[in-house]
Amino acid sequence: MTDRGTLDALRQAVQVSPDNLPLRRHLAEQLLSAGLLMDAEAEFRAALALVPGDAESATGLAEVFLRQGKSGAALAALERVAAGQGPPRAGVIVARALAAEGDVAAARLRYREAVARDVSLADPVFEAELANSVPSPILDEAVANVASPLNPGADRLRTSFADVAGMEQVKQSLRMKLLLPVQQPEMFAAYGRRAGGGVLLYGPPGCGKTHLARAAAGELGADFISVGLSDILDMYVGSSERNLHATFERARRNSPCVLFFDEVDALAARRSDMGQAHNRQIVNQFLAEMDGVEGGANEGVLILAATNAPWYVDAAFRRPGRFDQLVFVPPPDAAARAAVLSLLCRKAPLAEVDFRMIAEATEGFTGADLKGVVDRAVEAKLQDAIRVGRLLPLSTADLLGAARSVRPTAVAEWMATARNYVTYSNESGAWDDLLPWIGGRRR
């Protein structure tokens, strides 16, 4: 593991030479090796901002996402790295992400291709998992509902708020800001309000921000356009701005539409932190598109964005008419964890399961962590069922055993970072919603 002194020296070197791609990428790899995932993510994003098509940086970012349990984001990061291209470990990362998404057949293919290029990447444990895996009924609906490289045609979603456990206050905020203006336009028109606008969802990774966005689109019955970093950024000057404009134009043509930007801090970063003019121009284009090139151009376009690092988003995006509402998506409490577990297990054969007991044993777990618990329990039970030749129901003991083998991800690290910003950079009160979570008081 890299020691802190080495990391500090690398950080200082990057500050001196911020446009040095190999140096910045080396720092990111060392941060990843040290397990500092959020810092590594920031450096890999900065490297991609320098050279958007850099396969090594995209691979590193995908590995960060995979370690955070964000398999969909990992696939999106490597969307432009075709099989047989880029570093061989990219193939293994894609294989692991595909396996997590439930596409075991594609995972096996990408894994074999990667190992054929570099035999040192062979992983007997992962090979055994691929050999013994069968499709999980819990994942079928999730995969069918997600617009992704695995399922590109799924623009109209079946997910609704009923599929989101807990978070009633967050759902009410989304209803008032995004859904009701479309569902009751006469009422809102009487008060001079039109359908459209933006909400920025923020919070620790794995707490359901992306799931909420999909549920909002499903609740409305609107088209859902999910935008990733690779959909916008291009190595040629001016192309990124054109891609961004084309994305908004597509949403305007298909209104009502939910336009969702995941990891939006990569496209809407603070311009004061940027060293290159063309990166600042992307932010300017984004702001112009949110304002609408003509009056009312974005009517019916509901703009949702999610980020783990809202403090890196340019303050201009928080102006009224843009992302004027910041909604904190917190880690689930015990009641919400029990509800999440119940939802995740609803398609599996169950014995009497005490979800409250499992919720108490998973303190600090995010929704993604809980999905990992259920997936492990299901896989173990499937292996037992295949061995005896009959269905075996999941039990409380199965889920508790799986919970003991899963470590919670980045909530504690995220809260530590948030505490610094809330304590020292909250003059505007933007982060007041975080105060109860860090033990602070409102000003």
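The values are calculated or read from the model by the stated rules, or taken from the named source; none is laboratory data. In this text, all values refer to a predicted model and were calculated from it rather than measured experimentally. Methodologically, a virtual Cβ is constructed for each residue, glycine included, from the backbone with ideal geometry; neighbour enumeration extends over all protein chains shown. Side chains are part of the model used for accessible areas, which takes the heavy atoms of the whole protein and leaves out ligands, DNA and RNA. Shrake-Rupley method; radii C 1.70, N 1.55, O 1.52, S 1.80 Å.
Peptides 298-309, 252-263 ranked from most to least packed by the mean count of surrounding Cβ atoms within 10 Å: 298-309, 252-263.
Would you work out which of Val422, Leu435, Val406 lies farthest towards the positive end of the dipole of region 397-436, given +1 charges on the beta-carbon of Lys and Arg and -1 on that of Asp and Glu, about the Cα centre? Looking along the dipole axis, the top candidate is Val406. When the listed pairs Lys209/Lys371; Lys347/Lys381; Lys177/Lys209; Lys177/Lys371; Lys70/Lys371; Lys347/Lys371 are checked against a 21 Å cut-off, the alpha-carbon distance exceeds it for Lys177/Lys371. Between amide H atoms placed 1.01 Å from N, distances below 5 Å from Asp223 occur with Val258, all of them 5 or more places distant or on a separate chain. Summarising the amide proton neighbourhood of Leu350: residues at separation of 5 or more, or on other chains, whose placed amide H is nearer than 5 Å comprise Leu394. Derived value for region 33-102: Kirkwood hydrodynamic radius 11.8 Å. Basis is the mean of 1/r over every pair of different alpha-carbon atoms.
What the pair-distance distribution of region 306-443 shows, using all Cα-Cα distances binned every 5 Å from zero, is 2, 9, 17, 17, 13, 11, 10, 8, 6, 4, 2, 1, 0 percent.
Taking all protein chains together and rolling a 1.4 Å probe, Trp311 ends up with roughly 10 Å² accessible. Classify region 240-350 as rounded, prolate or oblate, taking a ≥ b ≥ c as the square roots of the eigenvalues of its Cα gyration tensor: rounded when a/c is under 1.5, otherwise prolate if a/b is larger than b/c and oblate if not. Prolate is the answer for region 240-350, as a/c is 1.5 or above and a/b outweighs b/c. Where both bridge residues fall in the chain, DSSP classifies roughly 10% of the beta bridges as antiparallel.
Mean projection of the Cα convex hull over all viewing directions, computed for region 165-290: 9.0 nm².
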